[in-house]
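Each remark here refers to the structure printed beneath this line.
The values are calculated or read from the model by the stated rules, or taken from the named source; none is laboratory data. Keep in mind the model is a prediction, meaning the values are calculated, not measured. No Cβ is skipped: glycine too gets one built from the backbone with ideal geometry, and neighbour counts run over all protein chains shown.
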Amino acid sequence: MTLANIVKKNNLSERDYRSLKDRLSYSALKTFDADRKRFYNEFILGNPKEDKESSATVLGSLVHSLLSGEEFEEKFYLFQAIEPKGQMKELADALFSRSLKGIVDGVQTEKFTTLFADAVQSVKYDKDNKEIAFKGKDMEKILEMFKDSDAEMYYNERLNTIGKTIVTVGLVTQAEALVEKLRGHSYTYSIVNARGENIDVFNEVSILFEVNGVPYKSLVDRLIVDHTQKTIQPIDWKTSWDNEDPTRAYLKFGYYLQAGLYDFAIKKWKQEHQLTDYAVLPMKFVFCDTSGFADPVILEIQPKDLSAAWAGFYIRGYYYRGLTELMKDIAWHVETGNWATAKEIFDGKGCVKVDVQYETSR
């Protein structure tokens, strides 16, 4: 069996990867570093904060999918229905919300007549049971108004979007233009179009592993395996409105944690795929300007950056905690069940020494 077939057999789909809620990703580590309470609520209690996807986030997701060759229909839905107005819009939205409650394992378990009656009830009457919509119309008349209307088509399209990201034609066109720029640009041509007789390219590679008894996961955007040079080059796509200062983004968004964690994960991955004598090269982050104006930028990670990502480091007096410290702290919290106190404070019996990086006077 070829390496490509082995990877395909072992690799998880993105949906299955995202469903592994008991495993921590680099973004979970970043959350823990910034806000232990939020980390506890999201990753221990399983109450994730609901963040609405912005157009920039959706654009980034589209670019990722186009670069990885994903089937568009598996992840996105191009919404085309005409949005109804007034009480018909309220009815369609209420019917969609009510329909969601009846879906179990992707299958609707209730009759449409029941769903429709409940939706009408919620729109037609207020909390005092006073008629405020569809006045003087019975259920049969309202159903007649709904059938074959913009409201019904809108409702059916919303059902088709369950589990998918809604996109517009304009956003898809913008994402396609960005990808074409990456494919044709001299800076990124060899990365985006990597191919060769002795080269394997794998997209969206899922890797599962444990550190200190805590389960982790990583999803690598692209791995370029060169069998002649015996190297493995990880690539991560980044969409940004300001791609000419990638080092700032590297620190601000905790990409150093991602670089270090992915390096660790890929070294485990190569062992599992009989590539023990292959060298894992440091991550390359490819920054793409979402406005389409600036040229792409490649941020190359160095070995010293990986060392700092694990050990932690200071920048202008501010300490950035490394993976070693963060992972040990998480393992301690998981083992003790104590999330109310930071490990450092617990070890100091509630006392913390002043730790200010004073600058010498000029």
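What the table shows:
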| read-out | value |
| --- | --- |
| Pairs, first under 20 Å from TYR154 (Cβ atoms) in the stretch 96-113, second assigned to a helix (DSSP H, G or I) and not hydrophobic (A, V, I, L, M, F, W, C), C-beta under 6 Å, six or more apart | PHE96/TYR155; PHE96/ARG158; ARG98/ASP118 |
| Number of the exception - TYR17 against (1) modelled with pLDDT of 90 or more; (2) hydroxyl-bearing (Ser, Thr, Tyr); (3) in the same structural domain as VAL225 (by TED's automatic domain parsing) | (1) |
| One residue from GLU210, GLU140, GLU197 being surrounded by fewer than 15 Cβ atoms within 10 Å (Cβ to Cβ), over 30 Å from LEU261 (Cβ atoms) and either modelled with pLDDT of 95 or more or assigned by TED's automatic domain parsing to the domain that holds ALA279 (or both) | GLU197 |
| Residues being small (Gly, Ala, Ser) and part of a helix (DSSP H, G or I) - total across the stretch 1-43 | 4 |
| Top-ranked residue in the stretch 164-198 [being touching a residue at least 60 places away in the same chain (Cβ under 8 Å) and not in a helix (DSSP H, G or I); ranked as farthest from VAL63 (Cα to Cα)] | TYR187 |
| Inter-residue pairs, beta-carbon under 8 Å, first closer than 22 Å to LYS85 by Cβ and in the stretch 114-130, second part of a loop (DSSP other than H, G, I, E, B) and aliphatic (A, V, I, L, M), 6+ apart | VAL123/ALA133; LYS124/ILE132; LYS124/ALA133; TYR125/ILE132; ASP126/ILE132 |
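Every residue, every condition in (1) out of contact with any strand residue (DSSP E or B) (no Cβ under 9 Å at 6 or more places or on another chain); (2) among the polar types (S, T, N, Q), yes or no:
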site	(1), (2)
VAL63	no, no
LYS75	no, no
GLN80	yes, yes
LEU95	yes, no
GLY106	yes, no
LEU115	no, no
MET145	yes, no
